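Let me begin by presenting the structure, written as structure tokens, before commenting on it.
The values are calculated or read from the model by the stated rules, or taken from the named source; none is laboratory data. Predicted model only: the values in this text are computed from it and were never measured. Using ideal geometry, Cβ is built from the backbone for each residue, glycine included, and neighbour counts are taken over all protein chains shown.
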Amino acid sequence: MNFLELELPFETPRGIELPFSDGYGVPHANNYIPFLSASSVSLATRSAFSGVKIRRIHQALSGNEARAIHHMNFSPYVLDIREQYPTYLQEDYNRYKLAGTRMPRNKVMTYDIVLTMVLPDSIHGGYRLSYHGISIKDAEHVLSEADENRQIREHARFADRGWTWEFLRGDAFPKRAYGNHLLLKTWIDRPDIWPLYDIAKALAQRLKARSMRGTMDDVLSRHARHMGIALDDLYEIFAISVSFGFTRIDHSHELRVDKPLMLEVGS
């Protein structure tokens, strides 16, 4: 599967529940703790920030990871993002557990990002959960033989689980889109966006049916008045609408409140 080639438009379905953990005992959502934290790397590259559909604090170890995670927070296919995801051989884990000792770091392979995604189920109908691993490298990074061997191991381990995996360069996530996602993220304040699912969808339908004249602030101000919602709250609802896929930003344009609001055709 190629994450960036998933078909759009797509709307996050309501009512898809995450299990407490995946089939390998690694917790989902707010119960997940990254195997490596941002504090373990250079101040120049690390960052920590909250998610959108799940408000856990993400630990990005590089700018490339931060750009990717912000993009994924606004993908309608993505329910959960687990960075620095650990995998290990079960027999190794059992041996160290029986001995009452901690498993050594060199026995654990970490993945940059593991996505828990919701995909249409073409066989049974409805939707299904799917796990997809992503390895991120800088656009200028020249893969060494060790890098390539590691990628082969990562791909094979995920294939054994029935999960998918891919390698992406940091420049697959454009800087303008990254800036737009950062701005959208600043408008989301509440710890749980799911109660706003219906109102976010209603706003998206209004945006499709009514005038886009003026700046983004002009457009959202008009909708705020007609919907009886405070403007600051409507900005949050707008950002949530993007995360659920009800509204799609045209990332060939900069998202700014004092510029026209440019949406993808069909949004």
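For segment 183-234, filtering for residues that are in contact with a Leu (Cβ under 8 Å, 6 or more places away or on another chain) and of a type in the set (A, V, I, L, M, F, W, C) leaves 12. Only one entry in TYR235, TYR197 is outside the structural domain of MET117 (by TED's automatic domain parsing), over 21 Å from TYR77 (Cβ atoms), at pLDDT 95 or above and under 23 Å from the mean Cα position of the chain (by Cα), namely TYR235.
Annotation note: of LEU168, LEU220, the sole residue that is among the hydrophobic types (A, V, I, L, M, F, W, C), in contact with a strand residue (DSSP E or B) (Cβ under 7 Å, 6 or more places away or on another chain) and in contact (Cβ under 8 Å) with a residue 12 or more places away in the chain is LEU168.
Residues in segment 27-58 that are touching a Pro at 6+ places or on another chain (Cβ under 7 Å), at pLDDT 90 or above and either hydroxyl-bearing (Ser, Thr, Tyr) or buried (at least 17 other Cβ atoms within 10 Å of the Cβ) (or both): HIS28 alone. Looking at ILE188, ILE152, just one residue is aliphatic (A, V, I, L, M), modelled with pLDDT under 95 and either over 20 Å from SER135 (Cβ atoms) or not assigned by TED's automatic domain parsing to the domain that holds HIS223 (or both), and that residue is ILE152. Considering only residues in segment 12-21 that are touching a helix residue (DSSP H, G or I) at 6+ places or on another chain (Cβ under 9 Å) and surrounded by 13 or more Cβ atoms within 10 Å (Cβ to Cβ), the one that is nearest to PRO195 (Cα to Cα) turns out to be THR12. Scanning segment 211-250 for residues that are charged (D, E, K, R) and not in a helix (DSSP H, G or I), we see that the one that is surrounded by the fewest Cβ atoms within 10 Å (Cβ to Cβ) is ARG213.
I'd like the full set of residues that are within 19 Å of LEU196 (Cβ to Cβ) and in contact with a strand residue (DSSP E or B) (Cβ under 9 Å, 6 or more places away or on another chain), limited to segment 244-260. Quick ask: steps written out before the conclusion?
Taking segment 244-260 as the starting set, the residues that turn out to be within 19 Å of LEU196 (Cβ to Cβ) are 244-249.
Those that are within 19 Å of LEU196 (Cβ to Cβ) and in contact with a strand residue (DSSP E or B) (Cβ under 9 Å, 6 or more places away or on another chain): THR247, ARG248, ILE249.
Rundown of residues vs (1) in contact with a His (Cβ under 9 Å, 6 or more places away or on another chain); (2) in a strand (DSSP E or B), yes/no style:
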position	(1), (2)
GLU91	no, no
VAL114	yes, yes
MET117	yes, yes
GLN151	no, no
ARG157	no, no
LEU168	no, yes
TYR178	yes, no
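For the subset of segment 76-95 comprising residues that are without any contact (Cβ under 8 Å) to a residue 24 or more places away in the chain and not acidic (Asp, Glu), which member is surrounded by the most Cβ atoms within 10 Å (Cβ to Cβ)? Out of the qualifying residues, it is TYR88.
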